[in-house]
Every structure is written in C-alpha cells, then in structure tokens.
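Data block below; observations after.
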Amino acid sequence: IFRFLFSFTTSWLGQSVVKDLRVSVFNKVLNLNLSQFDKTPIGTLTTRTINDIESINDIFSDGLIPIIADLLSIISILFVMFWVDWKLALISLAPFPILLIATYVFKESVNRSFIKVRNAVAALNAFVQEHLTGIQVVQAFAAEDREHRKFRAINKDHRNANIKAIFAYSVFFPVVEIVLAVSTGLLVWWGATRALALPEAEAAAMAGKMIAFILYLNLLFRPLRFIADKFNVLQMGMVASERVFK
C-alpha cells in the first residue's frame, strides 16, 4: 500500500509541476519581444516548452525523492554496522574514499555530457522544425543534399554527446563492484584473523558477525547503485531546469 502511495504521489507531484511550468513558459513565450524570435530558433523554444519540462517531471517521479529514500537507507545501515561492531565497520568501509572520489568524477563527467546532450536535442529540434517549415525554399533551391549533410552532422553530435555519458556509466558501475569486492575481502581477512585468536564460542560469534556484515555491505551498496542510476535522471532534470528558467 505504501509503495503504491509513494509511486502515485511522486508521479502526481511531477505531473502537477510540469503542467504549471509548461503554462508559465508558454505564457512567457507569447509575451516575448518579436526581436527574440529573430535571435532564437523556434525549435529551441519548442524543446524548452516540451522536452526540457518533461525532464523536470522525472526529477520528482524518478530522481529526487527516491534518492532521499536511498540515502536514508544508507544512513540506517551504517548506523547498524557501527552499533554491532565499530571495528568491523571501519575495516569494511576503508575503501569507501575511493568510491567517493569516483562518484565526484562521475558526477562532473555526466553533468558536462548532459549539457551537451540537451543542447544537441535543441539543435536537432530547431533544425528539423525550420527545415520542415521552410521545405518549399529548400526544394526550390535544390538544397536537399546539402541540408541532409548538415542534419547528419548535427545528429552525429547528438550521438557523441550521449556516448560520452554512457562511457561515464560504463566506468562507474565496475568501480562500485570493485570497491564492494575489496570491502568484503578486507572484512573476511580481518575477521578471520581475529577469530583464529579467540576461543571456540567467541570465534563462532565472530563468524556470525562476518556473515551479517557481508549482508550489510550488499544492502549498503544496492542503494548506491540505484542512486547512481537515478543520478542520471536528476542530472538531466537539473540541466533541463537551467535551460527552462534561462
């Protein structure tokens, strides 16, 4: 029931924001000076009124609120780990600085890529809209081949911008898996070393802690993977919102 309420409410919130924003943006467009239309391609205004605002909807339905939920899960798991055994927690979390550095580099790389993606989408929309509107002029001057070559170049830029974002994800997710593997290895090594020096009953308790901590680590890294995936949506939405408010 709560999962249903969560999904429905976040989507309803996103759609409500989109409706109000789209009306406001269109009203702004209607009241722009005519000189603004001479300087700004119609396709760019169309992109900001439709595509960019739709990306803002994704912030609410798939980005911001789910990320907050995942962060709360991470905080809860960390609290339990330190409460159960703070030494095991510190050992198993030792590789975390690597993950923090990788996350920062990933965030900066994806942000740059998404700015290029949104600009490329606007350029595609503007080019198609202008050429379909002025198709009589294009055909009158027999410029089909020349304009086709221009479109291929713009479309190639759009593809390259998306590939750069994909490359960042392709590097980041293996880094997360490697950090998890190193954390698990450190946990098993340190726990086994301690267990060998303990009496049998205490060694059995240590083994139980180690199994619990392996499960904790997996629970900890699962929302981290989801956050990285949702960060894609959030970044795209933030870039789109900058364009809309501009």
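The values are calculated or read from the model by the stated rules, or taken from the named source; none is laboratory data. Source: prediction; values computed, not measured. Cβ coordinates were reconstructed from backbone atoms using ideal geometry, including for glycine residues, and neighbour counts include every protein chain displayed. Surface accessibility is based on the protein's heavy atoms, side chains included, excluding ligands, DNA and RNA. Shrake-Rupley method; radii C 1.70, N 1.55, O 1.52, S 1.80 Å.
Listed values, structure above:
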| quantity | calculated |
| --- | --- |
| Residue check for A205: exposed (fewer than 14 other Cβ atoms within 10 Å of the Cβ) and either within 34 Å of the chain's Cα centre (by Cα) or on the phi < 0 side of the Ramachandran plot (or both) | yes |
| Residues of region 100-141 satisfying the condition of being within 28 Å of E177 (Cβ to Cβ), among the aromatic types (F, W, Y) and open to solvent by less than 90 Å² (accessible area, probe 1.4 Å) | F106, F114 |
| Residue within region 101-124 that is in a helix (DSSP H, G or I) and touching a Pro at 6+ places or on another chain (Cβ under 6 Å) present | no |
| Check on L220, over 30 Å from F26 (Cα atoms) and either buried (at least 18 other Cβ atoms within 10 Å of the Cβ) or of a type outside the set (G, A, S) (or both) | yes |
| Condition met for K230 (within 18 Å of A94 (Cβ to Cβ) and either touching a Lys or Arg at 6+ places or on another chain (Cβ under 6 Å) or part of a helix (DSSP H, G or I) (or both)) | no |
| Filtered residues of region 81-97 (kept if of a type in the set (V, I, T) and surrounded by 14 or more Cβ atoms within 10 Å (Cβ to Cβ)) | I91 |
| Unmet criterion (only one of (1) in contact with a Leu (Cβ under 8 Å, 6 or more places away or on another chain); (2) outside any helix (DSSP H, G or I); (3) not acidic (D, E)) for I154 | (2) |
| L64, sole failed condition from (1) open to solvent by less than 50 Å² (accessible area, probe 1.4 Å); (2) at pLDDT below 85; (3) aliphatic (A, V, I, L, M) | (1) |
| Set A192, A181: member being modelled with pLDDT under 85 and part of a helix (DSSP H, G or I) | A192 |
| Looking only at region 225-238, and only at residues there that are open to solvent by less than 60 Å² (accessible area, probe 1.4 Å), closer than 20 Å to Q15 by Cβ and not charged (D, E, K, R), the one that is modelled with the highest pLDDT | G237 |
| Residues (surrounded by fewer than 19 Cβ atoms within 10 Å (Cβ to Cβ) and either of a type in the set (S, T, N, Q) or in contact (Cβ under 8 Å) with a residue 12 or more places away in the chain (or both)) located in region 28-43 | V29, N31, N33, S35, Q36, T40, P41, I42 |
| One residue from L5, L21, L71, L78 being in contact (Cβ under 8 Å) with a residue 60 or more places away in the chain and open to solvent by 60 Å² or more (accessible area, probe 1.4 Å) | L71 |
| Unique match (being within 17 Å of M81 (Cα to Cα) and touching a Pro at 6+ places or on another chain (Cβ under 8 Å)) among L215, L180, L219, L186 | L186 |
